[in-house]
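First the structure, in the form of structure tokens, and then the observations on it.
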Amino acid sequence: MARFFAELAQHENAILIDRPGQVILDRTAVVFDDEGIELRFRVNLPSDGRTIIAKRTLNLLTFHMPKIIRRATIARELPMEELQRHCEAAENQVALRNQLAEHNLVSFVADGSILPRLAGNSQLPMPDAIPFKSPDALAIELDTPHNGKIRGMGIPKGITMIVGGGFHGKSTLLGAVESSVYDHIPGDGREYIVTDETATKIRAEDGRCVHNVDLSPYISNLPMGKDTTKFSTQDASGSTSQASWLQESLEAGAQTLLIDEDTSASNFMIRDERMQALIAKDEEPITPLVDRIALLRDQLDVSVMLIMGGSGDYLDVADTVIQMHNYEAIDVTEKARQVVASHPTRRSFEGSETIARPRTRQLNRSALKLMLEEGKFRIQAKNKHSLRFGREFVDLQALEQIAHQSQLHAIGCLWFMMAQNKGWEKAPVRAFAQMLNENWATMMPRYGDLAKPRVMEIMAVLNRMRAAEFK
């Protein structure tokens, strides 16, 4: 309904509603309750400087606005077939995602899906793209309530490598998987791709802040004896930022991690035999992910899906290997095992035998209150790459799984609630998870531009707030 309202109002620049995109989100623009339907939108009154233009305003409020409201809410005016397709697509995706755990999967990519997007700044499907087809070895059929059985590629839990030459579709596949923690609208091309709802994309992010994070599984023995079990910095390096993001994601509840080598720190991902021979382990603070990834799987039940085209050392621990060739997925798991057998690695294992989940940090809510007070209580999200919270502007360029700026506005409102409620700061992840129940919108201000975020993004944004304080 919000989408239809926006289409009707597009010729009236003064009437604005939070317009949805390709992703289906729980929004506050249209609210259903026992009393009926509530539309929340903004009206910019026609004016000349600071003076309202009375006749144009009267025409807007008494003619144009009621006409749009009527067409967007009365059943006979609505495109009911389109509305039904939308609802059925959402219900199908919920059903598919609910079957992932039963089949030991982290993601499902249906045959016929269109993975490539129109452009780097557009989430529309690319015309004439090659439809996806599952390799037989990974094919599975899942049930949907409205379209029966759907065949596609099931990506199993564990460690999955995506390999292949450049420009053959590796990042395109991972991008479709990472965006499918959310449902998509009919016609998007990804409406039958679903992913574990906790899946989190991590990457290197030079210069970000880190607050009291235990990096010891990956970084230790720093010069000057700096403690890495409670590590903080305002200017993280690539490897430090990626290790921090991994630990923060696990703290937030992520059970699946998504990694692309193109956006990763090479010294966090791998240390080869020659570098081990040149630089002794006691002189290298970083333990690369290749030496910890199997422990994440075996001891923490965390799955990892990663693009790796530059190092074969991950083949030793990979459970599934998918090659992308001309946008076609090929299961090369058995071939990879043969390569491992015929070309054994000569690098030394540098990890320990155990790994633990990071501790739950406590949030200092006084720091949030101070930021709000010094910034005149302003909470603003003009786009999905930046959030103003009080006096601080949080840079979120690296967060690829924020689907819409309305999620950021909701995150700011949730933080406001956190700042006002004593006791919630002791376990912020649990507190935010409890807030995000099916009635989450009833606790929020009556704004029309809020959309439900995931706990992963709430914490990811909070972790990038430079004035935040964690204990």
*Options THR345, THR360: the member that is of a type in the set (S, T, N, Q) and under 30 Å from ARG271 (Cβ atoms)*: THR345
_helices (runs of 4 or more DSSP H) (entirely within segment 233-346) containing at least 3 residues that are surrounded by 15 or more Cβ atoms within 10 Å (Cβ to Cβ)_ = 238-251, 266-269, 293-300, 333-342
_Residue check for GLY423: outside the structural domain of ALA176 (by the TED database), in contact with a Phe, Trp or Tyr (Cβ under 7 Å, 6 or more places away or on another chain) and more than 26 Å from VAL177 (Cβ to Cβ)_ = no
*Give me a count of the residues in segment 194-232 that are part of a strand (DSSP E or B) and of a type in the set (A, V, I, L, M).*
5
*Please work out if ASP227 is modelled with pLDDT of 95 or more and assigned by the TED database to the domain that holds ILE150.*
no
*Among what's in segment 110-121 and is modelled with pLDDT of 95 or more and farther than 14 Å from MET324 by Cα, pick the residue that is nearest to the chain's Cα centre (by Cα).*
ARG117
*Sort out for me the strands (runs of 3 or more DSSP E) sitting completely within segment 94-166 that have 1 or more residues that are acidic (Asp, Glu).*
139-144
_Can you pull out every residue in segment 103-120 that is surrounded by fewer than 21 Cβ atoms within 10 Å (Cβ to Cβ) and either of a type in the set (S, T, N, Q) or closer than 30 Å to ASP301 by Cβ (or both)?_
HIS103, ASN104, ASP111
_Whether any residue in segment 114-126 is under 21 Å from ILE155 (Cα atoms) and in contact with a Lys or Arg (Cβ under 8 Å, 6 or more places away or on another chain) is what I want to check._
yes
*asked:* So VAL210 passes all but one of these: (1) more than 22 Å from the chain's Cα centre (by Cα); (2) surrounded by 18 or more Cβ atoms within 10 Å (Cβ to Cβ). Which condition number does it fail?
replied: (1)
*Name the residues in segment 270-302 that are free of Cβ contacts under 8 Å to residues at least 40 places away in the same chain, over 26 Å from ARG359 (Cβ atoms) and β-branched (Val, Ile, Thr), would you?*
ILE279
*Of all residues in segment 29-58, how many are outside any strand (DSSP E or B) and of a type outside the set (Lys, Arg)?*
12
*Restricting to segment 80-102, what's the tally of residues that are basic (Lys, Arg) and buried (at least 19 other Cβ atoms within 10 Å of the Cβ)?*
1
*Scan PRO156, PRO145 and give me the residue that is touching a helix residue (DSSP H, G or I) at 6+ places or on another chain (Cβ under 7 Å) and in contact (Cβ under 8 Å) with a residue 40 or more places away in the chain.*
PRO145
*Do we find that ARG70 is surrounded by 12 or more Cβ atoms within 10 Å (Cβ to Cβ) and charged (D, E, K, R) in this structure?*
no
*In segment 72-93, what residues are touching a helix residue (DSSP H, G or I) at 6+ places or on another chain (Cβ under 7 Å) and part of a helix (DSSP H, G or I)?*
ALA72, GLU77
*Determine whether ALA14 is within 30 Å of ASP196 (Cβ to Cβ) and surrounded by 12 or more Cβ atoms within 10 Å (Cβ to Cβ).*
no
*Selected residue [modelled with pLDDT of 95 or more and hydrophobic (A, V, I, L, M, F, W, C)] from MET444, MET459*: MET459
*Residues of segment 214-232 satisfying the condition of being of a type in the set (Gly, Ala, Ser) and within 32 Å of the chain's Cα centre (by Cα)*: SER216, SER220, SER232
*Failed item, numbered, when ASN44 is tested on (1) in contact with an Asp or Glu (Cβ under 7 Å, 6 or more places away or on another chain); (2) in contact (Cβ under 8 Å) with a residue 24 or more places away in the chain*: (1)
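The values are calculated or read from the model by the stated rules, or taken from the named source; none is laboratory data. On a predicted model such as this, the values are computed, not experimentally measured, just so you know. Don't worry about glycine lacking a Cβ; one is built from the backbone with ideal geometry, like all the others, and counts go over all protein chains shown.
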